[in-house]
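Values quoted throughout were computed directly from the atomic coordinates according to the rules given, and no laboratory measurement underlies them. No experiment lies behind these values; they were computed from the predicted model shown. No Cβ is skipped: glycine too gets one built from the backbone with ideal geometry, and neighbour counts run over all protein chains shown.
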Amino acid sequence: MTKISKIEIDTTMCIGDGTCEVVAAKTFRLNTEGKSTVIKPWADNDEEIVRAAQSCPVLAIKLFDEEGKQLFP
């Protein structure tokens, strides 16, 4: 997989399931509103970040490469 250079979370889609936080706890955290946020980009490795994005039941986490190409979903 190409290196991830940008992580976006669509907070309007996020339902606060929290699986992203379980899979990549150094990168994602639920905020006080119960929405996922990026607390430390790339604190987890790319594999964990991809698994966290894939674990989101509503696909609210978007991953991009350095050229802006969307890698996931």
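Overview of results
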{"quantity": "Evaluation of residue 8 against (1) out of contact with any strand residue (DSSP E or B) (no Cβ under 6 Å at 6 or more places or on another chain); (2) surrounded by fewer than 15 Cβ atoms within 10 Å (Cβ to Cβ) (one fails), failing number", "calculated": "(1)"}
{"quantity": "Residue tally, condition part of a loop (DSSP other than H, G, I, E, B), free of Cβ contacts under 8 Å to residues at least 40 places away in the same chain, under 20 Å from residue 2 (Cα atoms) and of a type in the set (D, E, K, R), over the range 14-73", "calculated": "3"}
{"quantity": "All positions within the range 22-48 that are of a type in the set (A, V, I, L, M, F, W, C) and in contact with a strand residue (DSSP E or B) (Cβ under 7 Å, 6 or more places away or on another chain)", "calculated": "28, 30, 38, 39"}
